[in-house]
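The values are calculated or read from the model by the stated rules, or taken from the named source; none is laboratory data. None of these values were measured; they are calculated from a predicted model. For neighbour counting, all protein chains shown are included, and Cβ atoms are generated from backbone atoms with ideal geometry for every residue, glycine included. In case anyone asks, the SASA skips ligands and DNA or RNA and just uses the protein heavy atoms, side chains included. Shrake-Rupley method; radii C 1.70, N 1.55, O 1.52, S 1.80 Å.
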Amino acid sequence: WFRFSAPQTSSDVVGKITVGYQGWFNAQGDGSPFGCWFHWSNNCNAPTPNTNVKFELYPDTREYSRLYQSNLANLVNGTPARLFSSYDQSTVNKHFEWMQTYNIDTAALQRFGATVSSAADGYRDNRDSVATKVKIAAEAHARKFYVMYDITGLNSDWVSAIKSDWANNVINKLQLTYSNAYARQDGKIVVCIWGLGFTHTPGTASETLELINWFKNQNIYVIGGVPTYWRTGQANSDAKPGFIDAF
């Protein structure tokens, strides 16, 4: 989680507590386009001890209303080792219920590079469905959310890919920003672009400025996910040089 300081009026971001929301777990039988154990395991088959487990920490599943049986051994109390799916509306509802209970204001809904660049293997359909479920849950629990692009994995056309996804999917198809739960800062709808200026992500400084200004020209409040020492331009193994003007 992360917190933005210096509270202002008309704020869903500055001065609020925000969590990143991936929503990337799927299970076989959850009705998703994947139809497999995505992100729980290494190969979409059910998680199996020692050979096919992709997660490091077993979640507390006691409050979930719908769970899926894995190949892991029973828990120490004899309970079957079952896991949740982010594709279930009940799962997303529970997460936003927790946000409401514990005064977490806003969720930054991750939108990954594979989502915006390709519809292959049902990935974009899956992510779009999760985005809609986040909107529904945020509205139901009086929480806010906004789209947070992760540009990892995008190619040289990353700027046009994000512009297209924002206009065609986020705005027109999913209509996320029309929700009263979509975050606004100083009256502007919010977007975040994570990965700007990192050595492992695409983009030059001029391309980054182009995208930032494209959003700003639409009266959109832009947040950047940037490397350490971004304010000084200090070089390090994670940061490209020459991005200080963009930042």
Work out which trypsin sites (Lys or Arg not before Pro) in the chain are exposed loop sites (DSSP not H, G, I, E or B, at most 11 other Cβ within 10 Å) and give the longest gap free of them. 63-230
Please give me, ordered by residue number, the chymotrypsin sites (Phe, Trp or Tyr not before Pro) of the stretch 28-125 that lie in loop per DSSP and have at most 15 other Cβ atoms within 10 Å. PHE55, TYR102
Per residue, how much accessible area does the stretch 191-234 show when a 1.4 Å probe rolls over the protein heavy atoms, in square angstrom? 52
When Cα Rg over 2.2 N^0.38 Å is calculated directly from the model, which label among [x] 2.12; [y] 1.06; [z] 1.14 fits? [y]
The stretch 110-199: relative contact order as a whole-number percent, Cα under 8 Å and 6+ apart: 36
With a 1.4 angstrom probe the carbon and sulfur portion of accessible area for the chain, in percent, totals 48
The stretch 37-99 shape via C-alpha gyration tensor axes, a/c threshold 1.5: oblate
Value at 222 nm in deg cm²/dmol, rounded to 500, when DSSP H runs of n ≥ 4 in the chain each add -39,500 (n - 2.57): -6500 deg cm²/dmol
Output the relative contact order of the chain, whole-number percent, from Cα pairs under 8 angstrom with separation of 6+ residues. 16
Accessible surface of HIS39 in the full protein assembly, 1.4 angstrom probe, to the nearest 10 Å²? 40
Cross-link reach list, lysines versus LYS54, counting only Cα pairs under 28 Å and skipping chain neighbours closer than eight places: LYS94, LYS133, LYS135
For the stretch 21-66, what relative contact order do you get, as a whole percent, if you take Cα pairs closer than 8 Å and at least 6 residues apart? 23
Qualifying lysines (Cα of each under 24 Å from Cα of LYS240; at least 8 residues distant if same chain): LYS163, LYS216
Taking LYS16 as the anchor, which aspartates and glutamates have their alpha carbon closer than 16 Å to its alpha carbon, excluding any fewer than eight residues away along the same chain? ASP105, ASP186
Among beta bridges assigned by DSSP with both residues in the chain, the antiparallel ones amount in percent, to the nearest 5, to 30
Take the chain, mark every one of the GluC sites (Glu not before Pro) that falls in a DSSP loop and has at most 11 other Cβ within 10 Å, then report the longest stretch left between them, sites excluded. 64-247
